[in-house]
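Down below is the structure, laid out as structure tokens.
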Amino acid sequence: MRAQPKASHYVGGSYLESQTGTPFDSFYPATGEVIARVHTADDAVIEAAISAARTGQEIWAAMPPAERGRILRKAADILRERNRELSVLETLDTGKPLQETLIADAASGADCLEYYGGLAATLTGEHIDLGGSFAYTKREPLGICFGIGAWNYPIQIACWKAAPALVCGNAMIFKPSEVTPLSALKFAEALTEAGLPDGVYNVIQGFGDVGATMVAHPDIAKVSLTGSVPTGAKVASLAGEHLKKTTLELGGKSPLIIFDDADVENAISAAINANFYSTGQICSNGTRVFVHKAIKEQFLSRLAERTSSAVLGDPLDEATNIGPLVSRQQFDKVLSYMQIGQDEGARLVCGGGSAQVDSLPEGYFVQPTVFADVRDNMRIAREEIFGPVLSVLDFGDEDEVVARANDTEFGLAAGVFTKDIQRAHRVIGKLEAGTCWINTYNLTPIEMPFGGYKKSGIGRENGHAAIEYYSQIKSIYVEMDGVEAAF
């Protein structure tokens, strides 16, 4: 098995194997090949991780913030030095093209570590003048944070959760998705090499039962999940029962609105990025593409032409720009939605089924698919598919399209294409979404907070905003005069 790790878990600064954990396999989605076998965390591993995190967090929180920042920045350098190695591992585990993972996965994680490493020494409190007496505030860590990763961006998500948590002085125990268990272990290695004290960052493997055990554990102060809305609801319910702080970055069915004055080529590029990048497996994807009636047929014709040039193939070949779906389960789900779209009466413009890659007959490949004449009540327009399925909906009026765009339980992201800058800001101001773009889509720089409205999440990741979700404020009043009492 070409990606077999030294052991399943990383606890207290070294690899650890569970003695009674259930084994499970990691597959290369392009071939179905088993690339690694790991074991779920048993009770002994969970308690070892908690104990290591408790000890490590005390040491880490006592270090000067500037020193914490230097360690995070050194870890960023290590990830960059090993970017190709990590990108190949991520491609093997997820099936995403190497063309993508070289620039969007470990590299993005390194940017995150560097950003929060640079913020470390700036995380100060404030002085409050009360006219003689005064108060001041301190920003303190929460303790041990538990991170739950998703399978579409494994190492990036691990970094997005770890960097703000660690810079605030917390420890983290991270559970990758059971579908993609490998790269978080390599990230843990890099942190140790950079000088992170043992136990401050730990990785344990497992399914939902391991996650539930961790969420309910009395030593866990904070839970951060990236996942689906149903999973988020379960985590929120359990975390609420135990009064745990939570950050939930969940799914979406986001609108991309293209007005008749938009640059059509740029808008098509954005629609492709918003639906076919990572084979459509991105939570913020703009899968409801609202196109003004005046340019709809022009848009569809050119979109179909450009989509036909997509290169499906071996993800390890850098010429490939669309790889397989991550698993057989996801493959079956996406194909079922392609059939649902046709059964509901949407017009199939291109794609619509599985794809054959001659050299990889066992891979989970599907065709990038475009539906037109999609109505708001169709399932392909209302339910998150998480695959390369783009739905085009007509509109003619600004107020109408805003109302339709907002008519969803989700609110993760939204985009607007128009040359009218006043309209762009006006429409964005009315859209019920936490992350929005004007004349582009799906760019998520670390400096910009990321998160959703409504059922798409709670809290924010990235930017200064994430600090609020991984720290707590202590207020101290200092009396400079006497103390009066009634008796």
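The values are calculated or read from the model by the stated rules, or taken from the named source; none is laboratory data. Keep in mind it's a predicted model, so treat the numbers as computed, not measured. Heads up, the Cβs are rebuilt from the backbone with ideal geometry, glycines too, and the neighbour counts pull from every protein chain shown. What goes into the accessible areas is simple: the full protein's heavy atoms, side chains included, and nothing from ligands, DNA or RNA. Shrake-Rupley method; radii C 1.70, N 1.55, O 1.52, S 1.80 Å.
Observations, loosely collected:
- Each Cα pair under 8 Å and six or more residues apart adds its separation to the average, and for segment 256-362 the resulting relative contact order is 23 percent.
- Scaled radius of gyration (Cα, divided by 2.2 N^0.38 Å) that segment 176-283 gives: 1.45
- Against the main long axis of the alpha-carbon atoms of the chain, helix 154-167 sits at an angle near 30°.
- The C-alpha atoms of the chain define a longest principal axis, and helix 264-273 lies at about 60 degrees to it.
- Beta bridges by DSSP in the chain, antiparallel share as percent, to the nearest 5: 40 percent
- Here segment 302-385 yields Rg over Rh of 0.99, to two decimals, using C-alpha coordinates and the Kirkwood radius.
- Per residue, the accessible area of segment 270-336 comes to 36 Å² when a 1.4 Å probe rolls over the protein heavy atoms.
- Distance between the C-alpha centres of segment 69-107 and segment 394-462: 29 Å, rounded to the whole angstrom.
- Fraction of accessible area attributable to carbon and sulfur, the chain (%, probe 1.4 Å): 51 percent
- For segment 212-341, alpha-carbon Rg and Dmax in angstrom: 19.4, 59
- From helices alone, the chain scores -11500 deg cm²/dmol at 222 nm; the rule is -39500 (n - 2.57) for each run of n ≥ 4 DSSP H residues, then divide by the residue total.
- Restricting the calculation to Cα atoms, every distinct pair contributes to the Kirkwood radius of the chain, found to be 23.5 Å.
- Segment 297-364-segment 169-185 distance, computed between alpha-carbon centres (Å): 30 Å
- Rolling a 1.4 Å probe across the protein heavy atoms gives segment 164-239 an accessible surface of 25 Å² per residue.
- Nearest-ten-degree value, helix 106-119 long axis tilted from longest Cα axis of the chain: 40 degrees
- Per residue value of the accessible surface for segment 114-159 (all protein chains in place, 1.4 Å probe), Å²: 39 Å²
- Under the criterion of Cα pairs below 8 Å and six or more residues apart, the relative contact order for segment 73-206 equals 26 percent.
- Sequence-distant contacts, meaning Cα pairs under 8 Å at least 6 residues apart, place the relative contact order of the chain at 18 percent.
- If you look at the Cα atoms of segment 4-66, you get an Rg and a Dmax of 15.6, 48 Å.
- Under a model in which nothing but the beta-carbon of Lys, Arg (+1) and Asp, Glu (-1) is charged, the chain shows a dipole of about 100 debye around its Cα centre.
- For segment 362-483, the Cα gyration tensor yields ellipsoid semi-axes of 39, 20, 14 Å (square root of five times each eigenvalue, largest first, whole Å).
- Whole-Hz couplings from phi, Karplus 6.51/-1.76/1.60, listed for segment 242-255; x for Gly and Pro: 9, 6, 8, 5, 9, 10, 10, 10, 10, x, x, 9, 7, x
- Taking a straight line from the alpha carbon of residue 96, these lysines sit under 19 Å away, with near neighbours fewer than eight places off in the same chain left out: 186, 333.
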